[in-house]
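Asks: Here it is, the structure in full.
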Amino acid sequence: EKFKVYILDQAIKRQLEVRVDTHLVQLFFEAYEDFERELTKEIQTEDGTKELPILNHAKNPNLAAINLNEFMEACGKKQLRHFNDLAALRRELKESKIYKFLSSNTPIWSQILKRNIKCWVFQRPEM
């Protein structure tokens, strides 16, 4: 019985470890979430003016569709230097677990720009 409890405990610990993103991916999504809170753009809709985050182009609230060039531009304006190695960032984002990676360089109809833009698409974490 003790052995069963031990094995179950180890399995749970391992499962939690597997769900942890790399440090670079954690920094990316922390910056993304900060940008989403701080940086907005006024958009005219048929219901009037609406404030939208500037980086998430997805209309679906369960998705995050991020154009990496725009993200890097926002980082430059905030003087964030964590993302100098774009190749490493792209490689590690494909393994993202908290924001589950779905696709890269996918044309998305932007709710902000009202045109297609290539984005990295992630499933937003359930809150």
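Asks: State the number of residues belonging to the stretch 1-43 that are in contact with a Lys or Arg (Cβ under 8 Å, 6 or more places away or on another chain) and either open to solvent by 100 Å² or more (accessible area, probe 1.4 Å) or at pLDDT below 70 (or both).
Replies: Residues flagged as in contact with a Lys or Arg (Cβ under 8 Å, 6 or more places away or on another chain) and either open to solvent by 100 Å² or more (accessible area, probe 1.4 Å) or at pLDDT below 70 (or both) within the stretch 1-43 amount to 4.
Asks: Take the residues in the stretch 63-94 that are modelled with pLDDT of 95 or more and in a loop (DSSP other than H, G, I, E, B); name whichever of them is most open to solvent (accessible area, probe 1.4 Å).
Replies: Going through the qualifying residues, I end up with Lys94.
Asks: In the stretch 106-118, is there at least one residue being in contact with a strand residue (DSSP E or B) (Cβ under 6 Å, 6 or more places away or on another chain), part of a loop (DSSP other than H, G, I, E, B) and open to solvent by less than 60 Å² (accessible area, probe 1.4 Å)?
Replies: Yes; the residues of the stretch 106-118 include at least one that is in contact with a strand residue (DSSP E or B) (Cβ under 6 Å, 6 or more places away or on another chain), part of a loop (DSSP other than H, G, I, E, B) and open to solvent by less than 60 Å² (accessible area, probe 1.4 Å).
Asks: Follow-up question, since we're still on this one. Evaluate the following for Lys59: is it more than 22 Å from Pro125 (Cβ to Cβ), outside any helix (DSSP H, G or I) and either at pLDDT 90 or above or open to solvent by 50 Å² or more (accessible area, probe 1.4 Å) (or both)?
Replies: Considered against the rule, which asks whether it is more than 22 Å from Pro125 (Cβ to Cβ), outside any helix (DSSP H, G or I) and either at pLDDT 90 or above or open to solvent by 50 Å² or more (accessible area, probe 1.4 Å) (or both), Lys59 comes out as no.
The values are calculated or read from the model by the stated rules, or taken from the named source; none is laboratory data. Since the structure is predicted, the reported quantities are computational estimates derived from the model, not experimental observations. Virtual Cβ from ideal backbone geometry, glycine too; neighbours counted across all protein chains shown. Heavy atoms of the whole protein, side chains included, go into the accessibility calculation; ligands, DNA and RNA do not. Shrake-Rupley method; radii C 1.70, N 1.55, O 1.52, S 1.80 Å.
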